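Asks: The structure that follows is given in the form of structure tokens.
What follows is calculated from the coordinates using simple rules that are stated; it is not laboratory data. Predicted, not measured: the structure shown is a model, and the values here were computed from it. Virtual Cβ from ideal backbone geometry, glycine too; neighbours counted across all protein chains shown.
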Amino acid sequence: MQTRIEELPGQLEKEVAQRRRAEAELRESRERLAGVIDSAMDAIITVDAAQRITLFNAAAEKMFRFPAAEAIGQPLDRFIPARFREAHRHHVENFGHSGVTKRSMGALGAVFGLRADGEEFPAEASISQLESDGQKFYTVILRDITGQKKLEAQFLRAQATALGIVKSHNGFINVYSEVGKGAQFTLYLPAHEAAALQPAQATVPGLPSGRGELILIVDDEQAIREITRTALEAFNYRAIAANDGAQAVALFARHSGEVKAVLTDMMMPVMDGGALIAALRSLDPQIRIIASSGFSAAGKMAEATSAGVNAFLPKPCTAEKLLKTLAEALGNCRM
């Protein structure tokens, strides 16, 4: 009996040491996990059963433009557009009763987030759930796909545009594709016996030249911007170019009073032609605007006319048509 009592302090010391080691290992494990979460490229948000935020990593701060210290304790609804909030709450509740522990990225379909400044953005999301100390927690991993959606929109718009141009010339497109190999597009246009048109030159008689006016070219297609700039500069115009409406407004404001005319595409990402025309008219009601489009020219012409443009150019157009239309638009505003 005496021996067992004497051994007791040593056993207690061992147990205390083991517990301390276990606590240290747990602390280190939590610190490593926190480091992984904070260094993740995707936003990671954990909410409790009441859907109040308990974890908001660095990527979530950047994505939603909102500090983690203020996000903790907030309802998740704060970062969801109002029209989706009720459906999202029900979705999380149903997931909690489903018995499924996780749903992978993309399985939820397209979701939308709401940044602190009110901007909405598309995202892919995965969700998981677990119970700890009798409480249920849900963790959502979000990936901002704004860039991906813009590229998809540009690609689809390019296909629409191409189809409109081909149809307007009484042609057609043949598509052949194989899974895993890609697709081949063949364009067929009616043949004409007339000789191929040559690019217009500044020396061609009858084509109007500029007087050094500054023209703003707005088109999301780089090739079109470069070709248009080259044609204008060859005929004594100066040119600046923007790849979308938002950039065009900034350039126009920077060169306030200097830009004499704007050549703009009607279909662009970020700010399309219609919105750009309205913005330019608010800055300068007298600015000459020529709109262009290669898709459903009749419909776009009506849209451009209602927006108050001075002229409309269906794509594609010749240098001769461009120069004559520009000269007519500038007409009585030349100095």
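Asks: Can you tell me the length gained on complete extension of the stretch R238 to F137, counting 0.36 nm per residue apart and subtracting the Cα distance?
Replies: Value of the extension gain: 30.2 nm.
Asks: K324 versus S282, label points 7 Å from Cα toward the beta carbon: distance in nm?
Replies: Here the answer is 3.7 nm between the modelled labels.
Asks: Still on this structure, I have one more. Mind putting a number on the dipole of region 214-333 about its Cα centre? Charges go on the C-beta only, +1 for Lys and Arg and -1 for Asp and Glu, and I need it in Debye to the nearest 20.
Replies: That gives region 214-333 a dipole magnitude of about 260 debye.
Asks: Quick check: pseudo-label points 7 Å beyond the Cα along Cα→Cβ at E152 and S177, how many nm apart are they?
Replies: That separation, rounded to one decimal, is 1.4 nm.
Asks: Provide the gained length on full extension for the span N170 to D77, in nm with one decimal, where the gain is 0.36 nm per separating residue minus the Cα-Cα distance.
Replies: 28.3 nm
Asks: For the pair T230 and V270, what calculated FRET efficiency results from E = 1/(1 + (r/R0)^6), where r is the Cβ-Cβ distance and R0 = 25 Å, to the nearest 0.05?
Replies: 0.50
Asks: How do the peptides 269-277, 81-89, 62-70 rank, highest first, by the average count of neighbouring beta carbon atoms within 10 Å per residue?
Replies: 269-277, 62-70, 81-89
Asks: Something else now. Once you put a point 7 Å from the Cα of S209 and another 7 Å from the Cα of K102, both along the Cβ direction, what distance in nm separates them?
Replies: Inter-label distance under the simple model: 7.0 nm.
Asks: Which cross-chain or sequence-distant (5 or more) residues have an amide H under 5 Å from the amide H of I145, H modelled 1.01 Å from N in plane?
Replies: A123, E124
Asks: If R₀ is 25 angstrom, what is the calculated FRET efficiency for the pair L55 and Q18, using the beta carbon separation as r and rounding to 0.05?
Replies: For L55 and Q18, the calculated efficiency is 0.25.
Asks: If we count other beta carbons within 10 Å of each Cβ, what is the order of L216, L130, fewest first?
Replies: So the ranking, lowest neighbour count to highest, is L130, L216.
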